[in-house]
Amino acid sequence: MYEAPDRYKRMIAARLPGGESLGVTSRESDEGSSPLRDVQLIARGQLAPFFAAANSVAAVLMAMILIGHVPSYYLGGWALAVVGLNVGAMHLARTQAVTHVGRSGRKVPHWLMIGEVVLRAAVWMSLPVLAFPTLGAENQVVAASLMAGLGIGALGLVVVPSCVTGWMAMFTAGLSYALLVGRHSIPFQSMLAILFILGVAIFGVLTVARWAFGQLKTNADFGSQSESASLLLQEYEQRGVGWLWQVDSENRVTYISSRMTSLLGRPATQLLGHSLPALLGGNADLGRVLLEKQPFNSLEMELKTARGPRWISIAGDPIVDTAGRFEGFRGVGSDITDVRQTQERLTNLANMDVLSGLPNRGRVRQLLGEALRAATSGNVPCAILFLDLDGFKPVNDTFGHPKGDAVLQAVAKRLCEEVGPEGHVGRMGGDEFAIVLTDAQSRQAVEQLADSIIASIAAPYMIDQTEIRIGVSIGCAFGPIDGATVDDLILKADLALYEAKGAGRGVAKYFSSELQTEQDDRIRLETDLRGAIAAKQFHLVYQPLVNAKTQKLVGFEALIRWNHPQRGLVPPNVFIPVAEEAGLMPVIGEWVIEEACRTAATWPEPITVALNISPKQIVLPALPNIVSQAIGRNKIQANRLELEVTEGVFLGDNGATLDVLKRLRALGVGIALDDFGTGYSSIGYLNKAVFHKLKIDGSFVREAGSRPENVAIIQSIVQLAKSFRMSITAEGVETAEDFERMRDLGCDTIQGYLFGRPLSYERANQMVQGLSAKRMAG
């Protein structure tokens, strides 16, 4: 049987650094050899001398009984045949135990082993059975007892149960025949005794055979596992996956792989017998887990080596003998330096903004949390400054994103120079930055820093010989004075930044109770919004849309207004963001759709009504049904209703939004892309949805007279729309020059103060009636 090297057998229970067991499986049987067959042949060869001797001695005893009853030459020939056959079989079995085992050994057919045993039994039984009738009663009893006793000789065959069965079957048959022949001469008591001996022999030998076979099979399986384990562990070490170690009950090293000796830079002779924790730098955690005498996994530690600091991870299991005594530890280890370095790089990437090299939003929150905890415990205030670049968007629109990215990198550099070691600069995303100050005890110093940053950012940037100017607005909050949590402090700084943007930009604002009052007012506004629909405080106004060529009225854009009982007229740009954040836009939007359809039903068929759909509403799967029902209730043609959406609805590539737009277009409703060119303009949006119109934002229209690049942009938009068979509406037309320019550039529809401000329904209705009167007069 294969015996694995002791050191590897002891390592079988070791676990890999990740914690999983180093499992092994037994080697599968093949055509020529298997572990069980091998151990059977080996054990058979070892028992062969006993079996041959038992047969030979029994043959000599039988010959002594048969003297005088069988001719001497028959008797001598039979005895020589039995002895010679058994000696030859013994020699063959011992030879096969060497030449027929292992992967290179030839297979011994099972039938051949059984046939050999049956032949030996037949030869041995032949003469005694034939001569049995010639014996006297006393000799018959002795001869039968000898044959029954020789059945126990099958103990020499117990490693091969089928051979035992064959041997016992032959002797049972022969003895049964002999007893049948001598039934009249052998006393009944003697016959019972002989049968009892035979029965005990059969039962005992077969029982021992089953037990012996089971033991062989278990040993064979273990041998195969040991072989596999040794091969796996050798490969584990040789392939550089890791290394193996073992210590005694005193934590002294009894085995350690050559890879570990190389890592430590010392020969094995200097390591064996020494304390493992001491060899690994006196690591306290390792000493603690070894003292606990419990399995441990993925224990990481740093080693000082000749190659510099290295990180290793080790795992181990206690060694306990069969009596339950602790004998030490065995385990595995690996060099995880590269893994640690990779993890550190990934952690840095996860916490770093790639473009600027600054901490990102998540890392800024962590830094603020640390500063806030230190401020709370040390009674030294910290501060968070939120920065939003002023005028950065036109940089991207005019010079492109590469120059915009270069500006952001230059801004990051200037901020780091201004802040220095007194704080941390981070990029929150887009054109927003943040600064965490760990020591903000001097409010004057914080204000001076903010003023210095504003001046620094306002200085011109030379990017590829192009001078670019931007500004920055700053909002600041102090912790824990203004907020005791990260979220609260960020909210307060954001409120201050909002105030700075509204104060004309290029300034710094600091959170105050007045800002909190404004926030409270916003909450009250949300509460009032919830009851505004039921109180009928909303109404629509209508801004005319005219044909660019004929200057005739073709429709209106419906705009919502809120007449608050105490506040008066609340502008849409004040209450719409509040309604969106509060989740009220679906309800308000449904009212607008119904009111617009009701209005359109009072006007003649050529007049269309356009209305804006909120990004919060466009994602609702029920929107097409709401529109369809409103059209049906008011009995208008679907093409008289036009829904305007902005490019922001496509942020995130929302499949639900695209599905809603397609379902709306299937109703026959017009879909216009509003404010095109101001946000995330992309031809991809035009491919995604079936738009029928593009609306050019008023900022392009108004600046077209002073900025030639705007004219070029508008020309590109018009050509793009025509290629997609879309019409073009120019918004914000306020002068005759604007009108003529937009008409000449190819716009189909004009909207702006030149042709009318948003009108009440009554005034808009007068315009429609005037148009109808002109048509009737014509």
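The values are calculated or read from the model by the stated rules, or taken from the named source; none is laboratory data. A quick note: this is a predicted structure, and the numbers were derived from the prediction, not measured. In this analysis, Cβ positions are derived from the backbone assuming ideal geometry, glycine residues included, and neighbour counts consider all displayed protein chains. Quick note on the areas: whole protein, heavy atoms, side chains included, nothing else; ligands and nucleic acids left out. Shrake-Rupley method; radii C 1.70, N 1.55, O 1.52, S 1.80 Å.
Share of Cα-Cα pairs in the range 251-367 beyond 21 Å, in percent? The share of Cα pairs beyond 21 Å in the range 251-367 comes to 50 percent.
Considering the convex hull of the alpha carbon atoms of the range 500-633, report its projected area averaged over all viewing directions, in nm², one decimal.
Numbers: hull surface 46.5 nm².
For the range 500-633, the mean projected area of the Cα convex hull comes to 11.6 nm².
Which values of log₁₀ I(q)/I(0), to two decimal places, follow from the Debye formula for the range 138-182 at q = 0.15, 0.26, 0.27, 0.34 Å⁻¹ with a uniform point scatterer at every Cα? For the range 138-182, the Cα-only Debye profile gives -0.39, -0.86, -0.90, -1.16.
So, for the chain, what is the accessible surface per residue at a probe of 1.4 Å, expressed in square angstrom?
For the chain, the per-residue accessible area is 48 Å².
Can you give me the % of accessible surface on the chain that is carbon or sulfur? Probe 1.4 Å, all protein chains present, nothing else counted. Answer for the chain: carbon and sulfur cover 55 percent of the accessible area.
Take the Cβ atoms of SER258 and ALA350, set R0 to 60 Å, and the FRET efficiency comes out at 0.95. In terms of Cα atoms, the Rg and Dmax of the range 489-578 work out to 18.4, 57 Å. Ellipticity at 222 nm from helices only: DSSP H runs of n ≥ 4 in the chain, each -39500 (n - 2.57), divided by the residue count, give -17500 deg cm²/dmol. Taken as entire DSSP H runs, the helices of the chain that both span 18 Å or more between Cα atoms along their own long axis and average -0.5 or more on the Kyte-Doolittle scale are 35-66, 72-99, 110-131, 137-150, 161-181, 188-238, 361-378, 401-419, 443-458, 486-502, 585-600, 708-723.
Express the C-alpha Rg of the range 696-736 as a ratio against the empirical globular expectation 2.2 N^0.38 Å, rounded to two decimals. Walk me through the numbers before you get to the answer.
Numbers: Rg = 10.4 Å, N = 41, 2.2 N^0.38 = 9.0 Å.
Compared with the compact-globule rule of thumb, the range 696-736 sits at 1.15.
Just subtract the alpha-carbon distance of TRP111 and MET64 from 0.36 nm times their residue separation and send over the number in nm, one decimal. Working shown, then result.
Numbers: separation 47, 0.36 × 47 = 16.92 nm, distance 3.39 nm.
Contour length minus Cα-Cα distance gives 13.5 nm.
Provide the gained length on full extension for the span VAL208 to LEU92, in nm with one decimal, where the gain is 0.36 nm per separating residue minus the Cα-Cα distance. All intermediate terms of the calculation are to be shown ahead of the outcome.
Numbers: separation 116, 0.36 × 116 = 41.76 nm, distance 2.40 nm.
Here the segment from VAL208 to LEU92 would lengthen by 39.4 nm.
A full extension of the chain between ASN547 and GLU422 corresponds to an added length of 38.9 nm, given 0.36 nm per residue minus the alpha carbon distance.
For the chain, what D do you get in µm² per second when you plug the Kirkwood radius from alpha-carbon pairs into Stokes-Einstein at 20 °C and 1.002 mPa s? It comes out at roughly 58 µm²/s. One equal scatterer on each Cα of the range 395-516, no solvent, Debye formula: the resulting log10 I(q)/I(0) at q = 0.09, 0.15, 0.16, 0.21 Å⁻¹ is -0.26, -0.71, -0.80, -1.27.
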